[in-house]
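Participant: Following this message is one structure expressed as structure tokens.
The values are calculated or read from the model by the stated rules, or taken from the named source; none is laboratory data. Keep in mind it's a predicted model, so treat the numbers as computed, not measured. With ideal geometry, Cβ positions are generated from the backbone for all residues, glycine too; neighbour counts draw on all protein chains shown. Ligands, DNA and RNA are stripped out before the accessible areas are found, and what is left, the full protein with its side chains, is counted by its heavy atoms. Shrake-Rupley method; radii C 1.70, N 1.55, O 1.52, S 1.80 Å.
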Amino acid sequence: MGLIGWYTTVKIKAFFRWKDNRSGIIYAILGMAAMLYAVGLLYLLMTELTKRLSVEHFKHILLVTVVSMTVLRKFLPQYIPFRKSLLPYHPTSAIFRYAFNVLDEILCFNFVNTVLFISLLLIFPFFTIKDALTWIIWIVVAIICRRFIQCLLEQRIRRHDFFLLLGLSLAAIIGAVIFWQPAFINTGSWEAALIAIVVAGLADFMMEEKIGEYEYTSRQGVTSSHTGFNILMNAPVLRVAVTGAFIVKALFLLVLTMKMQKKGVNEMMFVTMLFSSPALPFTYCFNNCWGPLRNYWFSIDQADPNGTAIWRLQLRIMALPLAIDSILTIIFYIVNSKLGPMILVSYFASGILLCVLSYYWSLRFPFYVKRGFSMNVNTSTVASLITLPICTALWLTCLSPAYYLIAVAYVIAALVLIIRMNKFYNNIRISVYSKLYR
Amino acid sequence: MHISVDSVTKKYGKITVLDQVSIDFRQGGCYCIIGVNGAGKSTLFNLLMQYIKAETGEILYDTHRFQVLPAAYKQRMGYLSEPLNILEELSVNQYLDFTGKLYGVAPALLQDRKERILQFLFEDQEEIGKKRIAVLSTGMKKKVAFAGAILHSPEFLLLDEPFSALDPVSAKKICNFLSGYLNEKRTIVFSSHNLEYLEAINPIIIILDDAKVKYNAPLAEFTSNHSQSISQSLMEKLKVNDSSTVMQWD
């Protein structure tokens, strides 16, 4: 459902492989076209609602999308030429190094956001330079919050430092809340907001330094206190990314609920659909099948060379994220009982299809990803191009009940696909091995 | 388990890595594959595990020809790959539990074997068990991978370079383990460049050279000239220049 934004940014990023391609201008145009497709389709589909939806609402929806993309940076492509050129001049002083890091992130971290800014400025006259500046401030807050969530979840900070940083992180959250209320900005409370950002920035700086110390000392040998076995919980990068993603999703659903209670259901329908999709766990699994999980495949294949064993592994990994995602969505659906069934039907139909597709694409186009969440090598362009229209088609369900048939077709397609995959797995496994280990 | 490699040819592009290779790995035998780098040792192991397909020839498992090796056969095999493909994000205990479960080892037996093998391979097995594999040294990782490969007591044990990166004490321990492990039902096939450990295991030596099997006979025959060391015999069999020649370098 809400995969338009997601897929144009996450999946189509196969286009944005600047490293491999020198014809950057063409790729920039393609990137912009992809974003225009997303924004244009969103705008087109919203024609029914635009009568009730003001320009301000539209801006808010896009802003929420941009901030969420910032927080979920690890899912998104990075544009690194700036970073590379800055490296030789990197100052040794800790505070300057930190300042450079932040600047570096703002400039380089999110190519998609940059393209979105330019697209909006070019297309929509109501989107002004002032709006763009406000967005940049929002992104700074989002960067700091994201770092806090990430570091705290990774537990890379010593216990006695934790409480101090927790206090400072609260300051960061207060800063974010101040910005969350536009009334503060309108009434001239910029000073308070800026102080909050400075405090949060200081906390962020201290946290980075503490992590540096901790990482240095922990090289002597890290012990694990886990006794049980869980693939997701044992892969720290995956655990952090998926937990972070769910925190963001839960927060957005909470904000949506509050707004819907105030202003009614219909106005928020599209945003609701955007954040009540199973895209998060799916993308998590889809993007990382062969990162930390490469050797899981190898181990399982040694013991049981059947497709079902790998399928069970993927389901086992997906089980927890999907369960959390479903619970979040169902709670949201129950609390906002006025919502039509379309969201829930589409949620489960797309969830089933996407799980099967993640299995299918990961075997058809296995890429060896060295890091847990490397976005430089991702899924194939073909997979992206096919998955994008499949997912965006589910948006049609909000136009007419007849389109519910799409959901039925998806479930049938998923069943057919999984049966065929298991049948032909034995022929595929050799090509998987050759791509992952040669 | 008896595995027979019959006239197998494997090419990578235009390069022929194995050319009409035929080897019989008999039940109860211990085989050491020796060869220079790129001789095709790992390729042979991958063929036995069906990770790659041969261009021509066939591999028979207990006289059966399998397009895909059934899980029942895979469960009877243990494989130590090179490079190590272990799950570094897990602790040693978790990895061994995971591997044991994959092979259906009963929990009580798994716990017992895990403790015994860790005690045998490591000085402080309790501490090692809790450590994440990622923070261990290469040699320690090798020992953990070895423990994972033998945890289900496979009938056919394939070890690709089991002694590389190991200290002499650990290598000697693994030699002793293999000597004790071998019986009339079990087969061990390993590759090695560390020839000094071979005498303790007394394997059948198979030399791969120029994509072919150059030599296939017991160690006793390999060093029939008792004045020669194993490495001298190998140099002779491979017909290479005397490696002790000092090269002048300016």
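Participant: Which members of segment B:77-91 meet the condition of being modelled with pLDDT of 90 or more and within 7 Å of another protein chain (Cβ to nearest Cβ)?
Facilitator: B:Y79, the sole residue that qualifies.
Participant: Of (1) surrounded by 20 or more Cβ atoms within 10 Å (Cβ to Cβ); (2) modelled with pLDDT of 75 or more; (3) within 30 Å of B:N46 (Cβ to Cβ); (4) not hydrophobic (A, V, I, L, M, F, W, C), A:P292 satisfies all except one. Which?
Facilitator: Answer for A:P292: the failing condition is (2).
Yes/no matrix, rows are residues, columns are (1) touching a residue at least 40 places away in the same chain (Cβ under 8 Å); (2) under 27 Å from B:Y181 (Cβ atoms):
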| residue | (1), (2) |
| --- | --- |
| B:K10 | yes, no |
| B:Q20 | yes, no |
| B:I23 | yes, yes |
| B:I33 | yes, yes |
| B:G38 | no, no |
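Participant: So which pairs qualify, if the first residue must be in segment B:41-67 and aromatic (F, W, Y), the second must be at pLDDT 90 or above, the Cβ gap must be under 7 Å, and the two must be at least 6 apart or on different chains?
Facilitator: B:F45/B:L158; B:F45/B:D160; B:Y61/B:I3
Participant: Quick one: is B:F98 free of Cβ contacts under 8 Å to residues at least 40 places away in the same chain and assigned to a helix (DSSP H, G or I)? Talk me through it step by step, then tell me what you get.
Facilitator: On the way: free of Cβ contacts under 8 Å to residues at least 40 places away in the same chain: yes; assigned to a helix (DSSP H, G or I): yes.
Yes; evaluated as a whole, the condition is true for this residue.
Participant: Go through A:I327, A:I300 for me and flag whichever is open to solvent by 30 Å² or more (accessible area, probe 1.4 Å) and modelled with pLDDT of 75 or more. Please lay out each step first, then the result.
Facilitator: Working: A:I300 fails: open to solvent by 30 Å² or more (accessible area, probe 1.4 Å).
When all the criteria are applied, what remains is A:I327.
Participant: Which residue, of B:L96, B:L109, is at pLDDT 90 or above and closer than 15 Å to A:S299 by Cβ?
Facilitator: Of the residues listed, the single one that is at pLDDT 90 or above and closer than 15 Å to A:S299 by Cβ is B:L96.
Participant: Just to be sure, is B:I150 in contact with a helix residue (DSSP H, G or I) (Cβ under 6 Å, 6 or more places away or on another chain), modelled with pLDDT of 90 or more and within 28 Å of B:G28 (Cα to Cα)? Working first, answer last.
Facilitator: Working: in contact with a helix residue (DSSP H, G or I) (Cβ under 6 Å, 6 or more places away or on another chain): no; modelled with pLDDT of 90 or more: yes; within 28 Å of B:G28 (Cα to Cα): yes.
It is false that B:I150 is in contact with a helix residue (DSSP H, G or I) (Cβ under 6 Å, 6 or more places away or on another chain), modelled with pLDDT of 90 or more and within 28 Å of B:G28 (Cα to Cα).
Participant: What's the number of the only condition in (1) open to solvent by less than 20 Å² (accessible area, probe 1.4 Å); (2) within 13 Å of another protein chain (Cβ to nearest Cβ) that B:V68 fails to meet?
Facilitator: That leaves (1) as the condition not met.
Participant: Does B:Q50 count as assigned to a loop (DSSP other than H, G, I, E, B), within 15 Å of B:L157 (Cα to Cα) and within 11 Å of chain A (Cβ to nearest Cβ)?
Facilitator: Details: assigned to a loop (DSSP other than H, G, I, E, B): yes; within 15 Å of B:L157 (Cα to Cα): yes; within 11 Å of chain A (Cβ to nearest Cβ): yes.
When the stated conditions are applied, B:Q50 passes them.
Participant: At the interface with chain A (Cβ under 9 Å from one of its Cβ atoms), under 15 Å from B:A145 (Cβ atoms) and out of contact with any Gly (no Cβ under 8 Å at 6 or more places or on another chain): is that true of B:Q94 in this structure? It would help to see each step written out before you state the result.
Facilitator: On the way: at the interface with chain A (Cβ under 9 Å from one of its Cβ atoms): yes; under 15 Å from B:A145 (Cβ atoms): yes; out of contact with any Gly (no Cβ under 8 Å at 6 or more places or on another chain): yes.
It is true that B:Q94 is at the interface with chain A (Cβ under 9 Å from one of its Cβ atoms), under 15 Å from B:A145 (Cβ atoms) and out of contact with any Gly (no Cβ under 8 Å at 6 or more places or on another chain).
Participant: Quick check on this structure: which one of B:K74, B:K41, B:K10 is buried (at least 19 other Cβ atoms within 10 Å of the Cβ) and either more than 14 Å from chain A (Cβ to nearest Cβ) or farther than 30 Å from A:K423 by Cα (or both)?
Facilitator: Working: B:K74 fails: either more than 14 Å from chain A (Cβ to nearest Cβ) or farther than 30 Å from A:K423 by Cα (or both); B:K10 fails: either more than 14 Å from chain A (Cβ to nearest Cβ) or farther than 30 Å from A:K423 by Cα (or both).
So the residue among B:K74, B:K41, B:K10 that is buried (at least 19 other Cβ atoms within 10 Å of the Cβ) and either more than 14 Å from chain A (Cβ to nearest Cβ) or farther than 30 Å from A:K423 by Cα (or both) is B:K41.
Participant: If I go through segment B:53-95 residue by residue, how many of them are in a strand (DSSP E or B) and among the hydrophobic types (A, V, I, L, M, F, W, C)? Walk me through it before giving the result.
Facilitator: If we filter segment B:53-95 for residues that are in a strand (DSSP E or B), which is where we start, we get B:56-61, B:64-65, B:77-80, B:91.
Okay, now just the ones that are also among the hydrophobic types (A, V, I, L, M, F, W, C), so B:59-60, B:77, B:80.
Qualifying residue count for the region: 4.
Participant: Restricting attention to segment B:196-210, does a residue exist that is surrounded by fewer than 21 Cβ atoms within 10 Å (Cβ to Cβ), assigned to a loop (DSSP other than H, G, I, E, B) and either touching a Phe, Trp or Tyr at 6+ places or on another chain (Cβ under 6 Å) or within 14 Å of another protein chain (Cβ to nearest Cβ) (or both)?
Facilitator: No, segment B:196-210 contains no residue that is surrounded by fewer than 21 Cβ atoms within 10 Å (Cβ to Cβ), assigned to a loop (DSSP other than H, G, I, E, B) and either touching a Phe, Trp or Tyr at 6+ places or on another chain (Cβ under 6 Å) or within 14 Å of another protein chain (Cβ to nearest Cβ) (or both).
Participant: Looking at B:I33, is it open to solvent by less than 50 Å² (accessible area, probe 1.4 Å), β-branched (V, I, T), within 14 Å of chain A (Cβ to nearest Cβ) and outside any helix (DSSP H, G or I)? Give the steps one after another, and end with the answer.
Facilitator: Values: open to solvent by less than 50 Å² (accessible area, probe 1.4 Å): yes; β-branched (V, I, T): yes; within 14 Å of chain A (Cβ to nearest Cβ): no; outside any helix (DSSP H, G or I): yes.
Against the criterion (open to solvent by less than 50 Å² (accessible area, probe 1.4 Å), β-branched (V, I, T), within 14 Å of chain A (Cβ to nearest Cβ) and outside any helix (DSSP H, G or I)), B:I33 does not qualify.
Participant: Tell me yes or no: at least one residue of segment A:380-389 is assigned to a helix (DSSP H, G or I), open to solvent by 70 Å² or more (accessible area, probe 1.4 Å), under 25 Å from A:Y296 (Cα atoms) and at pLDDT below 80. Spell out how you get there, then give the answer.
Facilitator: Initially, segment A:380-389 is screened for residues assigned to a helix (DSSP H, G or I), giving A:381-389.
With open to solvent by 70 Å² or more (accessible area, probe 1.4 Å) added as a condition, the list becomes A:382, A:385-386.
Next, only the ones that are under 25 Å from A:Y296 (Cα atoms) stay: none.
No, that holds for no residue.
Participant: Ok, one more. Just a yes or no: is a residue in segment B:123-139 polar (S, T, N, Q), more than 12 Å from chain A (Cβ to nearest Cβ) and open to solvent by 40 Å² or more (accessible area, probe 1.4 Å)?
Facilitator: First pass over segment B:123-139, keeping only residues polar (S, T, N, Q): B:125, B:137-138.
With the extra rule that they be more than 12 Å from chain A (Cβ to nearest Cβ), the set shrinks to B:125, B:138.
Next, from what is left, pick out any that are open to solvent by 40 Å² or more (accessible area, probe 1.4 Å): B:125, B:138.
Yes: segment B:123-139 contains one or more residues that are polar (S, T, N, Q), more than 12 Å from chain A (Cβ to nearest Cβ) and open to solvent by 40 Å² or more (accessible area, probe 1.4 Å).
Participant: When residues of segment B:97-122 are filtered for being surrounded by 17 or more Cβ atoms within 10 Å (Cβ to Cβ) and at the interface with chain A (Cβ under 9 Å from one of its Cβ atoms), how many remain?
Facilitator: Matching residues across segment B:97-122 total 5.
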